[in-house]
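The values are calculated or read from the model by the stated rules, or taken from the named source; none is laboratory data. All values reported here derive from a predicted model rather than from experimental measurement. All Cβ positions, glycine included, derive from the backbone under ideal geometry; neighbour counts span all protein chains shown. Please note that ligands, DNA and RNA were not included when accessible areas were found on the heavy atoms of the full protein model with its side chains. Shrake-Rupley method; radii C 1.70, N 1.55, O 1.52, S 1.80 Å.
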Amino acid sequence: MSDESTGTAVSDQPSDAPRQRASVEDVLVDVKNLVKYFPVTAGVLRRKVGDVKAVDDVSFTIGRGETLGLVGESGCGKTTTGRCILQLYDVTSGSVVFNDVDLVQTKGEQLRRMRRHMQLIFQDPFASLDPRMTAGDIIGEPLLVHKIAKGNEYRERVAELLSMVELDPAVASRYPHEFSGGQRQRLGIARALAVNPDFIVCDEAVSALDVSIQAQIITLLMRLREEFNLTYLFIAHDLAVVRNISDRVAVMYLGKIVEITTSDQLYANPRHPYTISLLSAVPIPDPVVDRTRERIVLEGDVPSPMNPPGGCPFHTRCPQATDICRTQVPEMKKVDEGHMASCHLLDAI
Amino acid sequence: MSEQNDHVVLDVKGLQTYFYTDDGVVKAVDGLSYQVRNGEFVGLVGESGCGKSVSAMSVLRLIPYPPGVIAGGQIVFKGEDLLQASEERMREIRGNRIAMVFQEPTTSLNPVLTVGRQISESLELHRGLDKNEARDESARLLDLVGIPDPSKRVTDYPYQFSGGMQQRIMIAMALSCDPELLIADEPTTSLDVTVQAQLLEIIAKLRDEFQMAVVVITHNLGLVARYVDRVNVMYAGKLVESGPTETIFAEPKHPYTVGLLASVPRLDSHHKVVPRVIPGLPPNLAHLSQGCSFAPRCAYAMDECRASAPQLEPVATTGAAAEASGHERACFYDAAKLEKVDMLD
Ligand SMILES: Nc1ncnc2c1ncn2[C@@H]1O[C@H](COP(=O)(O)OP(=O)(O)OP(=O)(O)O)[C@@H](O)[C@H]1O
Ligand SMILES: Nc1ncnc2c1ncn2[C@@H]1O[C@H](COP(=O)(O)OP(=O)(O)OP(=O)(O)O)[C@@H](O)[C@H]1O
Ligand SMILES: [Mg+2]
Ligand SMILES: [Mg+2]
């Protein structure tokens, strides 16, 4: 595989200046009280024995052109939230308003038409690509499914999409196994862009890539966002990556959002004890700096989402927990302009 | 680091591991040399496909033949060249004096045996404990790697543990034979950051307790910065830079290391910093040029770099100090002119 097909030169970086975000009033995605339970069954009769409370009363909005980061430990419900927004799961309750239409109440042909505006980019570029299809077929498939282009127009669009993600249009006839991980992720992005979406859920889209390739893909996603005014829900467990690309970040724990604010604010002034411990655990790639940081190591594992603790879901691991935390569920409270957190002890910490 | 002596546990010299494929000879490891000392924690980093796993498998002579062949070099473990050892001798060494944690935990744990049974078997075999002793010792090892309620959990099967816990069980198993050298291949890639840090914390603690040497292979430069004593940077089957962790992070002297460090997003800057990008892709290991393998992607490449491959040599700028600290690099470009990109500006 040749080198010239990917990558930008070191000098050709997007600017580090804070970008101009679309107005917050122009809401593209409005998630209200979203709940998703997965029933757990047992025995030959598949009797229901309980629920995995994967997403449990989650609300947030994403402005048009905005990138919202979603972080939290493995199993906290990030993927489920993303898939519920895209209606890839039947939502248990709540609403997902997209462009003023509640997707939860939308069915059949109308939902299919709405779907065109929303795309998903997966973590694993290997698993999400059909090995028997050529790169061109993979990227072009949505064009055929949504009857957007055929014939010459189709071929031109595929070539255009490949160059958008900085791949040589000549690679259209190759198969997925002939591409590297980073190039496969570019194919996944080109496919998502095929239908001119407004909104893309990036679910661990760069997590499987090593740092240098990860930087190439992040740079690409940032460039495309400016070019097509895209709105992203950017799901990842790497907090440093999320900070780079997000305007705002939501932190999830056991199916609930515990803190949400601008990405600069979250990193400069985290308020929820869970966010604070999560940030403190991130190693800094500089041994001198890393040694001087205070680390809060959380004891124990994340409780089972089948049987979440009462009161504040975080109280079993919270270094500061008091009696009220064990008995009462904390509400989301305003900490500052555009900064919300759910913790009983916000004033004390 | 805990009391360290200069005793070299592992001395890899000019290792070459090749795969004979339809596409040609893949030189996965080609002239790799490094040493690991007693009690030392070494980190091996480099882009996907640069030969990290193959180099680790070569140490234990676990390269599948065909298509793989260890074509040259020496692997001296405590004075003995393992490439000359009999297969029987290798079986004594594997999982006994050298333990390895593989990249994919689910393929390494036996799904139909309880974890207690798996660890006990190893303890009975390698340390000659009887059934009861082995059972108690398994619980102790599980406790050491941070599994809650270990005496209850010994009767559980691998699938009953989360990915992070399985990884820790692998480490408990690796330790069951009291190895002199532990090689852990990407023990953390699929785990989230809290679990990653926990795991390396445990390995670092056990390194002290067991006084063993550790080689950890990872993509996470943050973890490397925090835990290892020495960093080996690998590119296209060779080391391009090697040195004490602080030196590598403060004064990287190979353009690839400089680029790698600048492409890591950081949390400690006051505003968002866009990671720098190393252009292009790692080379195809079946069609390497005669020059420096990094030259096609290197902003500093000169004619000399394309003509012949630089060898690993002590870094010139710091002179005698470099030799003492063992800071080495393989690059023709003037080291004094190469500087770390400050990501906090
Ligand atoms: N199809 C399903 N059926 C039953 N339970 C599920 C299903 N999908 C997810 N879950 C459970 O829901 C919870 C949330 O899972 P989810 O995949 O959303 O987590 P996540 O935050 O994306 O984690 P990760 O970082 O590991 O990807 C987990 O406990 C998971 O086991
Ligand atoms: N059985 C094999 N047959 C042919 N080529 C192989 C085989 N095993 C490994 N290789 C090749 O050897 C090279 C080095 O692979 P290796 O697995 O050591 O990379 P790595 O540095 O561990 O990468 P990663 O970070 O992705 O784990 C790769 O180009 C790989 O394709
Ligand atoms: Mg997920
Ligand atoms: Mg590997």
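Among the conditions (1) in contact (Cβ under 8 Å) with a residue 12 or more places away in the chain; (2) within 16 Å of ligand 1 (Cβ to nearest atom); (3) open to solvent by 10 Å² or more (accessible area, probe 1.4 Å), A:Cys318 misses just one, which is (2).
Taking segment B:293-316 as the range and being within 14 Å of chain A (Cβ to nearest Cβ) and not basic (Lys, Arg) as the test, the residues that pass are B:Ser293, B:Phe294, B:Ala295, B:Pro296, B:Cys298, B:Ala299, B:Tyr300, B:Ala301. Within segment A:204-214, being crowded, with 22+ Cβ neighbours inside 10 Å and more than 16 Å from ligand 2 (Cβ to nearest atom) holds for one residue alone: A:Ala205.
Residue selection: B:Gly24 satisfies the criterion of being surrounded by fewer than 20 Cβ atoms within 10 Å (Cβ to Cβ), over 13 Å from the mean Cα position of the chain (by Cα), more than 16 Å from ligand 4 (Cβ to nearest atom) and of a type in the set (Gly, Ala, Ser). Whether a residue is in a loop (DSSP other than H, G, I, E, B), open to solvent by less than 30 Å² (accessible area, probe 1.4 Å) and farther than 22 Å from B:Ser58 by Cβ was assessed, and B:Ile169 does not pass this test.
Considering segment B:27-52 alone, what residues qualify as being open to solvent by 30 Å² or more (accessible area, probe 1.4 Å), more than 13 Å from every other protein chain (Cβ to nearest Cβ) and small (Gly, Ala, Ser)? Scanning segment B:27-52 gives B:Gly31, B:Ser33.
Name the one entry in A:Gly43, A:Gly77, A:Gly7 that is within 14 Å of another protein chain (Cβ to nearest Cβ), modelled with pLDDT under 85, on the phi > 0 side of the Ramachandran plot and open to solvent by less than 60 Å² (accessible area, probe 1.4 Å). Just a single option satisfies the conditions, and that option is A:Gly7. Is one or more of the residues making up segment B:71-80 crowded, with 17+ Cβ neighbours inside 10 Å, more than 16 Å from ligand 4 (Cβ to nearest atom), of a type outside the set (Asp, Glu) and under 30 Å from B:Glu201 (Cβ atoms)? Among the residues of segment B:71-80, at least one is crowded, with 17+ Cβ neighbours inside 10 Å, more than 16 Å from ligand 4 (Cβ to nearest atom), of a type outside the set (Asp, Glu) and under 30 Å from B:Glu201 (Cβ atoms), which makes the answer yes. Annotation note: of B:Cys292, B:Cys298, the sole residue that is within 23 Å of the chain's Cα centre (by Cα) and at pLDDT 85 or above is B:Cys292.
Of the listed requirements (1) open to solvent by 50 Å² or more (accessible area, probe 1.4 Å); (2) more than 13 Å from every other protein chain (Cβ to nearest Cβ), B:Val154 misses just one: (1). Please work out which residue is farthest from B:Val9 (Cα to Cα), limiting yourself to segment B:101-116 and to residues that are buried (at least 17 other Cβ atoms within 10 Å of the Cβ) and modelled with pLDDT of 90 or more. For segment B:101-116, the residue satisfying everything is B:Thr114.
Looking at segment A:268-282, is at least one residue part of a helix (DSSP H, G or I), modelled with pLDDT of 90 or more and either open to solvent by 40 Å² or more (accessible area, probe 1.4 Å) or farther than 26 Å from B:Ile147 by Cα (or both)? There is at least one residue in segment A:268-282 that is part of a helix (DSSP H, G or I), modelled with pLDDT of 90 or more and either open to solvent by 40 Å² or more (accessible area, probe 1.4 Å) or farther than 26 Å from B:Ile147 by Cα (or both). Filtering segment A:80-116 to residues that are in a loop (DSSP other than H, G, I, E, B) and either within 16 Å of ligand 2 (Cβ to nearest atom) or open to solvent by 60 Å² or more (accessible area, probe 1.4 Å) (or both) leaves A:Leu88, A:Tyr89, A:Asp90, A:Thr92, A:Asp100, A:Lys107, A:Arg116.
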